[in-house]
Each structure stands twice: as structure tokens, then as C-alpha cells.
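What follows draws every value from the coordinates through simple rules; no lab data is involved. No experiment lies behind these values; they were computed from the predicted model shown. We place every Cβ from the backbone using ideal geometry, glycine too, and count neighbours over all the protein chains shown.
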Amino acid sequence: MFILTNEEHKIEIQLLKDHLVDNYVVYHERVTLLLQLTVFDIQDTHVSFKAKIIKPLDRSKAETNGLYQDMMSKEEISFSAPYLWGQDESSPLLNGKMIARGYCPFILWLDPELSLFVLNNEDEVINQIPTYILSSNDWRILKESKG
């Protein structure tokens with residue numbers, strides 16, 4: 001497995017940042033949400049974010065979730081992660097357009113196509129997306145089924 005250094009993480013994440021549309025991203029931490037990043041800070045050893053919640057992808061699940069209720073009580077949420085976990089370089093933070101790893105409490109998709117699809121579709125379509133993306137299946141099948 002190829003492991004990115006901190007510097008390589010910075011470069012790859014900057015490329016993803018540069019291609020976001022209006023800073024929209026998809027975020028998961030117990031519930032899956034469309035966020036708009038207000039801060040996207042790429043440092044030497046980690047990346048940190050602040051964001052406004054735009055909408056949940058599965059509204060009925062989110063509305064019964066305590067973490068979501070807490071998040072909604074704030075103007076913005078904050079989260080961050082180091083590129084490498086301690087001395088273990090076998091757990092990279094970046095996987096394609098996704099920021100995630102074991103022991104990282106969140107998953108963040110820096111995929112402008114996914115974010116725009118969520119932004120531009122109704123609940124009946126987007127509430128299916130978490131099932132696809134959390135199991136690493138191709139969510140684009142939902143796009144194709146819309147015609």
C-alpha cells in the first residue's frame with residue numbers, strides 16, 4: 001500500500017479543496033449531512049474545518065439523533081484530523097476524495113459531484129445516498145435512475 005507523507009497529504013487535499021463548488025461537502029458522524037465549509041485550513045500535520053449544516057441526507061434519522069440536535073444548536077460545527085495517526089503510517093487520512101480512517105470520528109467526502117447532487121435533489125432521492133456511500137458503493141446509480 002502506498003502511504004502519503006504529510007506534505008503529499010497537503011498537496012492532495014489542496015487539489016480537492018480547489019475543486020469544491022461553493023465549499024459544499026458531505027459529512028458523516030452518526031448522521032450524514034450536506035455542509036458548507038466556512039474554514040478549510042490545511043496545516044503541516046493536520047487539516048481542520050468549520051462548517052454550517054445545510055441539510056441532513058436522511059432527515060427522519062437525523063431528527064431523532066442527539067448528536068444532530070446538538071450540532072443544530074450551534075452556528076457552526078468544527079472538526080479536524082491529523083494526516084498520519086501517531087507512528088502508524090499504515091492508516092492514511094486521505095482515500096480518493098474521502099477523508100476518513102479508523103478512530104477518526106467523521107468521514108468527509110470532498111466530491112463536488114456528490115455535493116451538488118445532494119444540493120439539487122429532493123429528500124426522496126438523497127435519503128438513499130448514505131446507504132451507498134457508507135458501504136463504498138457507487139452513489140451515481142441514483143443519478144442514472146433519475147433519467
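Details
- The angle separating the long axis of helix 6-18 from the principal Cα axis of greatest extent in the chain is about 30 degrees.
- With each label modelled as a point 7 angstrom along the Cα→C-beta vector, the K52-T131 pair spans 3.2 nm.
- Fraction of the pair-distance distribution of the chain above 27 Å, Cα-Cα pairs, percent: 21
- When the C-alpha to C-alpha distance is required to be over 29 Å, the pairs from K50/K97; K61/K97; K10/K61 that qualify are K10/K61.
- Ignoring aspartates and glutamates fewer than eight residues from K143 along the same chain, the ones with Cα atoms less than 18 angstrom from its Cα are D58, D111, E113, E122, D123, E124.
- Distance in nm between pseudo-label sites at E76 and K61 (7 Å out along the Cβ direction from Cα): 2.7
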